[in-house]
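Undergrad: Encoded as structure tokens, here's the structure I'll be asking about.
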Amino acid sequence: MAAMKLVGFILALSLAVLVPSLEAHIKEFDEYWQKRAEEASQAALEAFNPEPENVTAQFNANVNKVLDGNNSTRRQLHMHKYSGPCLATNPIDRCWRCRKNWAKDRKRLAKCVLGFGRKTKGGLKGKYYVVYDSSDNDVVNPKPGTLRHAVIQKRPLWIIFARSMVIRLNQELMMASHKTIDGRGANVHIAFGAGITIQFVRNVIIHNIRIHDIVTRPGGVIRDAVDHVGIRTMSDGDGISIFGSTNIWIDHVSMKRCQDGLIDAIEGSTAITISNGHYTHHNDVMLFGASDLYPRDKIMQVTVAFNHFGKGLIQRMPRCRWGFFHVVNNDYTHWLMYAIGGSSQPTIISQGNRFIAPPNLAAKEVTKRDYATPDVWRSWTWRSQGDLLINGAFFVQSGQPLRKKYGRKDMIKAKPGTFVRRLTRFSGTLNCKPKKRC
């Protein structure tokens with residue numbers, strides 16, 4: 001009954017005002033963007049799961065199954081730098097990685113996503129598009145063979161790269177729906193320019209690329225679709241910006257030093273999985289929900305799994321508002337302020353993570369709650385299960401204990417934080433070579 005009320009509440013909000021309440025960097029919200037916003041709103045409602053606990057239970061069952069079959073690899077993975085045979089130590093990687101023919105069967109990847117983004121297929125139904133030109137000289141009429149030309153096409157596409165390259169984006173990269181950016185087999189950097197914008201679209205996979213040193217760009221006239229040119233305001237400097245979008249999977253990315261956030265998901269975005277990433281040298285790492293005044297983000301459901309939060313990080317891993325967030329089997333080896341934070345009554349389920357607190361006695365707490373007094377936030381559901389807390393780290397729980405139907409049977413059964421080092425051993429971009437196991 002509560003879930004039905006929430007869906008009704010969200011539907012009412014979506015029908016009330018189509019123009020986003022926050023800055024969308026769209027200078028002219030014309031008929032094209034109004035239609036795109038309407039379609040995105042409907043897709044978000046369809047993707048919303050009124051029983052998110054069932055998704056977390058399924059995820060944990062998969063983790064447990066993989067680890068039970070990999071006990072023989074435990075000793076090998078304690079090596080500082082692994083150079084042995086291919087090992088896939090979490091259920092997402094096990095689905096595709098250690099196959100010699102991965103390059104001929106790239107689209108198998110679309111079958112491997114778990115968590116809230118589990119229905120994301122990217123460009124599975126489309127043809128391959130090979131990027132062979134790293135330039136980004138014309139953002140109004142992109143040159144064929146460039147990444148910008150690939151991502152604005154109407155049809156589904158599986159985008160791959162002819163060679164290693166550094167792509168410096170002159171303006172934010174505006175993506176269309178049903179696309180996969182697959183960097184396997186090349187060393188692909190998006191760096192020293194604008195970042196990736198996923199706005200009012202659905203069904204996008206970003207896999208095995210490096211994103212770093214992203215800066216703001218002034219905006220202006222940018223082609224955001226084959227048949228539409230729009231005027232954009234200044235971009236924020238996010239590495240990946242997810243805005244009003246649905247069914248998004250970000251996997252095996254390495255990210256650092258972006259002018260704003262590494263990954264932001266806001267304005268009713270939902271059905272998102274962020275997995276196997278390696279994040280370093282940044283302040284505001286991940287922001288889910290940009291405003292305490294935008295309750296439509298109650299629809300937001302995000303899985304953050306198997307990531308390594310490493311050197312030089314300060315806060316927001318993630319920072320959450322309103323929605324439901326499953327933070328599972330991540331390795332937090334560095335933070336300066338806090339690891340997980342939030343406001344506006346988000347539900348945060350932290351499971352089997354490893355938290356190594358910094359030496360600073362004032363920064364031992366994993367959690368941080370903003371803009372609420374204890375008598376208010378005590379009702380928020382922030383629960384820790386099986387987390388490994390090291391060097392004085394502590395997680396302040398709140399809300400009711402987890403319900404038995406997704407707590408005792410599946411979530412506790414999943415492997416605890418002591419296994420995180422194995423699960424995240426191969427986080428970040430992979431050095432994949434054709435005809436060899438990745």
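The values are calculated or read from the model by the stated rules, or taken from the named source; none is laboratory data. Bear in mind the structure is a predicted one, so any value in this text is a computation, not a measurement. Cβ placement follows ideal geometry from the backbone for every residue including glycine, while neighbour counts extend to all protein chains displayed.
Undergrad: Could you list, in sequence order, all residues of the stretch 283-305 that are farther than 17 Å from ASP370 by Cα, part of a loop (DSSP other than H, G, I, E, B) and touching a residue at least 60 places away in the same chain (Cβ under 8 Å)?
TA: None - no residue of the stretch 283-305 is farther than 17 Å from ASP370 by Cα, part of a loop (DSSP other than H, G, I, E, B) and touching a residue at least 60 places away in the same chain (Cβ under 8 Å), so the list stays empty.
Undergrad: For HIS189, only one of the following conditions fails: (1) under 19 Å from the mean Cα position of the chain (by Cα); (2) crowded, with 23+ Cβ neighbours inside 10 Å; (3) closer than 25 Å to TRP102 by Cα. What is its number?
TA: (2)
Undergrad: If you go through the stretch 161-180 one residue at a time, do you hit one that is modelled with pLDDT of 95 or more, part of a strand (DSSP E or B), surrounded by fewer than 24 Cβ atoms within 10 Å (Cβ to Cβ) and basic (Lys, Arg)?
TA: no
To keep it simple, each residue is scored yes or no on (1) under 20 Å from HIS281 (Cα atoms); (2) among the aromatic types (Phe, Trp, Tyr); (3) free of Cβ contacts under 8 Å to residues at least 60 places away in the same chain; (4) not in a loop (DSSP other than H, G, I, E, B).
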| site | (1), (2), (3), (4) |
| --- | --- |
| ILE314 | yes, no, yes, yes |
| HIS326 | no, no, no, yes |
| SER350 | no, no, yes, yes |
| TRP380 | no, yes, yes, no |
| ARG383 | no, no, yes, yes |
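Undergrad: Within the stretch 272-282, which residues are more than 10 Å from the chain's Cα centre (by Cα) and assigned to a strand (DSSP E or B)?
TA: Here is the first cut: in the stretch 272-282, the residues more than 10 Å from the chain's Cα centre (by Cα) are 278-282.
Matches in the stretch 272-282: HIS278, TYR279, THR280, HIS282.
Undergrad: Looking at (1) surrounded by fewer than 24 Cβ atoms within 10 Å (Cβ to Cβ); (2) at pLDDT 95 or above; (3) under 28 Å from ALA43 (Cα atoms); (4) of a type in the set (D, E, K, R), find the lone condition where LYS311 falls short.
TA: Looking at each condition in turn, LYS311 falls short on (3).
Undergrad: Pick from the stretch 252-268 the residues that are out of contact with any Asp or Glu (no Cβ under 8 Å at 6 or more places or on another chain) and buried (at least 24 other Cβ atoms within 10 Å of the Cβ): which of them is nearest to ALA40 (Cα to Cα)?
TA: ALA265
Undergrad: In the stretch 332-386, which residues are buried (at least 19 other Cβ atoms within 10 Å of the Cβ), over 19 Å from the mean Cα position of the chain (by Cα) and among the aliphatic types (A, V, I, L, M)?
TA: Answer for the stretch 332-386, where residues must be buried (at least 19 other Cβ atoms within 10 Å of the Cβ), over 19 Å from the mean Cα position of the chain (by Cα) and among the aliphatic types (A, V, I, L, M): ALA357, ALA363, VAL366.
Undergrad: If you don't mind, there's one more thing I want to ask. Within the stretch 213-240, can you find the residues that are surrounded by 21 or more Cβ atoms within 10 Å (Cβ to Cβ), at pLDDT 95 or above and not charged (D, E, K, R)?
TA: ILE214, ILE222, GLY239, ILE240
Undergrad: Only one of these conditions is not met by VAL140: (1) exposed (fewer than 14 other Cβ atoms within 10 Å of the Cβ); (2) at pLDDT 95 or above; (3) within 27 Å of GLY417 (Cα to Cα). Which number is it?
TA: (3)
Undergrad: Moving on. Looking at (1) within 30 Å of GLY268 (Cα to Cα); (2) of a type in the set (A, V, I, L, M); (3) modelled with pLDDT of 95 or more; (4) crowded, with 19+ Cβ neighbours inside 10 Å, find the lone condition where VAL131 falls short.
TA: Single failed check for VAL131: (1).
Undergrad: Is there a residue being touching a helix residue (DSSP H, G or I) at 6+ places or on another chain (Cβ under 8 Å), within 25 Å of ALA47 (Cα to Cα) and either part of a helix (DSSP H, G or I) or at pLDDT 90 or above (or both) anywhere in the stretch 63-86?
TA: Looking for residues that are touching a helix residue (DSSP H, G or I) at 6+ places or on another chain (Cβ under 8 Å), within 25 Å of ALA47 (Cα to Cα) and either part of a helix (DSSP H, G or I) or at pLDDT 90 or above (or both), one finds at least one in the stretch 63-86, hence yes.
Undergrad: Residues of the stretch 188-210 being in contact (Cβ under 8 Å) with a residue 60 or more places away in the chain, farther than 23 Å from THR270 by Cβ and in a loop (DSSP other than H, G, I, E, B), which ones?
TA: ASN208, ILE209, listed by residue number.
Undergrad: Follow-up. Only one of ALA24, ALA43, ALA47, ALA37 is modelled with pLDDT under 75, under 25 Å from the mean Cα position of the chain (by Cα) and within 26 Å of ASP238 (Cβ to Cβ). Can you tell me which?
TA: Numbers: ALA43 fails: modelled with pLDDT under 75; ALA47 fails: modelled with pLDDT under 75; ALA37 fails: modelled with pLDDT under 75.
Unique residue meeting the criteria: ALA24.
Undergrad: Filter the stretch 272-309 down to residues that are polar (S, T, N, Q) and more than 29 Å from THR89 (Cβ to Cβ), then give me how many there are. Show your work before the answer.
TA: Applying the first criterion (polar (S, T, N, Q)) to the stretch 272-309 yields 273, 275-276, 280, 283, 291, 301, 303, 307.
Still in the running and more than 29 Å from THR89 (Cβ to Cβ): 283, 291.
Looking only at that region, the number is 2.
Undergrad: Checking GLY268 against (1) in contact with a strand residue (DSSP E or B) (Cβ under 7 Å, 6 or more places away or on another chain); (2) at positive phi, which test does it fail?
TA: (1)
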